[in-house]
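Here the structure is laid out as structure tokens; the discussion comes afterwards.
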Amino acid sequence: MKEMEPRHTKKGKVRAARPDGEKDGKIYLVKATMHLRLTYQIRLLAFMAKSRRKKLVILLKEDAVVHETLEAFVREMRGLVKIEKG
């Protein structure tokens with residue numbers, strides 16, 4: 001994974017992301033959306049997971065649709081990022 005270029009808010013602060021939880025070597029992100037694309041938040045949390053030697057688990061609703069950009073990112077990360085539906 002390449003180094004992340006930090007983004008800034010309109011007021012100049014560095015944008016950040018926090019996971020919804022951490023447990024047993026995993027960082028969790030819970031999304032209640034029906035359609036999920038690859039977002040800056042997901043990329044940041046994946047970078048965080050890699051730097052902490054953990055895995056990022058994205059939890060979605062059973063019928064959520066994952067965009068092809070996110071599917072490609074998950075494949076590219078080779079086990080670092082996992083999507084679970086339920």
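Quick note: the coordinates plus some simple rules give every number you see, no bench work behind them. Bear in mind the structure is a predicted one, so any value in this text is a computation, not a measurement. Virtual Cβ from ideal backbone geometry, glycine too; neighbours counted across all protein chains shown.
Observations, loosely collected:
- Rounded to the nearest 20 debye, dipole of the range 21-85 from Cβ charges on Lys, Arg, Asp, Glu: 360
- Ala64-Ala32 pseudo-label distance in nm [points 7 Å out on the Cα-to-Cβ vector]: 1.2
- Nearest-ten-degree value, helix 40-51 long axis tilted from longest Cα axis of the chain: 90
- What the Cα atoms of the chain give is an Rg and a Dmax of 12.9, 38 Å.
- Cross-link partners of Lys54 among aspartates and glutamates (Cα-Cα below 13 Å; sequence separation of 8 or more within a chain): Glu22, Asp24
- Members of Lys10/Lys82; Lys13/Lys55; Lys23/Lys50; Lys11/Lys61; Lys10/Lys61 lying beyond 24 Å, as alpha-carbon distances in this model show: Lys10/Lys82; Lys13/Lys55; Lys11/Lys61; Lys10/Lys61
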